[in-house]
Amino acid sequence: MNNDIVLRVEDIHKSFGDNEVLRGVSFDVRRGETKVFIGPSGTGKSTLLRCINQLTPPDRGRVWLDGEEVTNSGARINYFRQKIGMVFQNFFLFDHLTALKNVELALLKVRGMGKAEAREKALNELRQVGMEDWADHYPAELSGGQAQRVSIARALAMDPDVILFDEPTSALDPELTREVLEVMKKLAGEGMTMLVVTHEMGFACSVANEVLFMENGVVAEQGTPDQLLHDPQYTRMKDFIGRIDSRLGD
Amino acid sequence: MDLAAFTFDILLPALMQGLIITLQLIACSAPFGLAFGIAIAVGRQYGGGAISWLCKTFVFLIKGTPLLLLLFILYFGFPAIGITFTAFTASVVGFILCNAAYNAEYIRGALISIKDGQMIAAQALGMTRWQAIRHVVLPQALRRAIPGLSNEFIYLIKYSSLAYMITVIELSGAGKLVATKYFLYTESFAAVGIVYLVLVTITTVAVNILEKRVAIPGTTRGTTAAQL
């Protein structure tokens, strides 16, 4: 990890009707960094990710990728979206295409790659997530964990500068969660820049460079996993983690 | 003249000629009816503003008026504004408009049924809205629209007989001419009915084969009952 800032998010605001979901969120992401967002449901974590790639355009605030403004970029947004990968809670694989074709599609249609080259790259990405043997299977034939790994391969194929993970394991049972988290851990280890919204505290503590605790539409507390575990000043984050633990009967 | 001689020497040759016209009407109408139907459904669902309103109004007008009226306007009315169609062309134009309007509704229903996540995921990869529709949403929606579209195709086979009302001697018209000339109504119309039944049966079988071929593996349609 170096100090080169790849993504800058500045003062993002977003309301849905009277409901102000994001109330001024700012942070910088350095290349190779993994930032994990935790916090109670409904505090705007997923909306924040969608504001970054403009799937949900923010009401106010700006986003820069590699020094170029993503917000208000007009048609160029499609260029930025290639550079900002996204992985969804419910995978959103293209149901009518095989795993391989899911990964290939944007290479062919967005990047304009030739068939042979796209196929080779797609197979390579599937190998990265351990899914090359399932290349010819359709989404409905895959387990949730397998489907999520294919969707990670699909995001990787665009050679993104950063990948946004929106609760990637929330739809999975513990066993399948583990196989997806392992892939993500591997990516983090290889220097992929990642923003992860998750409730997996174990993952947050072992992989994150920084944990951001969101509450009521703002980043309430932020720090390294070590700080949040051992520094007494992080009271609200501790409360939240305590609530998760007690829910688990710890 | 006995019935066999009437059937084989007079009725069947006449019906064969009519059948050829009927098949020509269908072949000229169905592909455009499908293409325009897709365009109208997409325009209404994704066009926004004026385009959406235009598509909606077109469907409303076609759905709200008898096809026969449309044929009369095209064939008898249009010459008054300087557009003269042959009876065959007027029929084809009418069938395309009618077919497209109803197809559009089947396709729109299927488009709505595709979950938003498909479009969101496509756009997140950098696809334009149009690319997402073209490569992700439509291929799935068209599969789901097949039962409705095939129904509409079967209607087309049958309402192609309305062309007779503007002087096109297609299958029904050919039957009518023979029937009135020889006063053998039941025999003639029964034979016509059998030919339509055969056409519809062929269509039904073909659609079943098509549905199986394009079914997505792992989904209900793509799994045989025995596997479920």
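The values are calculated or read from the model by the stated rules, or taken from the named source; none is laboratory data. Computed from a predicted model, the values in this text were never measured in an experiment. When we count neighbours, we look across all protein chains shown, and the Cβ atoms used for this are built from the backbone with ideal geometry, even at glycine. What goes into the accessible areas is simple: the full protein's heavy atoms, side chains included, and nothing from ligands, DNA or RNA. Shrake-Rupley method; radii C 1.70, N 1.55, O 1.52, S 1.80 Å.
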Six or more apart or on different chains, Cβ atoms under 8 Å: show the pairs whose first residue is in segment B:75-97 and over 23 Å from B:Ala39 (Cβ atoms) and whose second is among the β-branched types (Val, Ile, Thr) and surrounded by 15 or more Cβ atoms within 10 Å (Cβ to Cβ). B:Tyr75/B:Ile166; B:Phe76/B:Ile166; B:Ala87/B:Ile166; B:Ala87/B:Val168; B:Phe88/B:Ile21; B:Phe88/B:Val168
Name, by its number, the condition in (1) away from chain A (no Cβ under 14 Å); (2) out of contact with any Gly (no Cβ under 8 Å at 6 or more places or on another chain); (3) of a type outside the set (A, V, I, L, M); (4) open to solvent by 60 Å² or more (accessible area, probe 1.4 Å) that does not hold for B:Tyr196. (4)
Given the structure, is A:Arg111 part of a helix (DSSP H, G or I), out of contact with any Lys or Arg (no Cβ under 8 Å at 6 or more places or on another chain) and not hydrophobic (A, V, I, L, M, F, W, C)? no
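For (1) open to solvent by less than 30 Å² (accessible area, probe 1.4 Å); (2) over 30 Å from A:Phe94 (Cα atoms); (3) within 14 Å of another protein chain (Cβ to nearest Cβ), each residue gets a yes or a no:
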{"position": "B:Arg144", "(1), (2), (3)": "no, no, yes"}
{"position": "B:Phe153", "(1), (2), (3)": "no, no, no"}
{"position": "B:Met165", "(1), (2), (3)": "no, yes, no"}
{"position": "B:Val178", "(1), (2), (3)": "yes, yes, no"}
{"position": "B:Tyr185", "(1), (2), (3)": "no, yes, no"}
{"position": "B:Ile216", "(1), (2), (3)": "yes, no, yes"}
Among the numbered criteria (1) part of a helix (DSSP H, G or I); (2) facing chain B (nearest Cβ under 9 Å); (3) open to solvent by 10 Å² or more (accessible area, probe 1.4 Å), which single criterion is violated by A:Leu123? (2)
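In segment A:23-70, what residues are in contact with a Gly (Cβ under 7 Å, 6 or more places away or on another chain) and either in a strand (DSSP E or B) or among the hydroxyl-bearing types (Ser, Thr, Tyr) (or both)? It would help to see each step written out before you state the result.
Going residue by residue through segment A:23-70, those that are in contact with a Gly (Cβ under 7 Å, 6 or more places away or on another chain) are A:23, A:32, A:43-45.
The answer is A:Arg23, A:Thr43.
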Within segment A:61-118, residues more than 13 Å from every other protein chain (Cβ to nearest Cβ), open to solvent by less than 60 Å² (accessible area, probe 1.4 Å) and not aliphatic (A, V, I, L, M) come out as A:Gly61, A:Trp64, A:Glu69, A:Thr71, A:Gly114
Out of everything in segment A:180-230 that is among the charged types (D, E, K, R) and out of contact with any Ser or Thr (no Cβ under 9 Å at 6 or more places or on another chain), what residue ends up being surrounded by the most Cβ atoms within 10 Å (Cβ to Cβ)? A:Glu182
Members of segment B:166-223 found to be among the acidic types (Asp, Glu) and assigned to a helix (DSSP H, G or I), listed by number: B:Glu187, B:Glu211
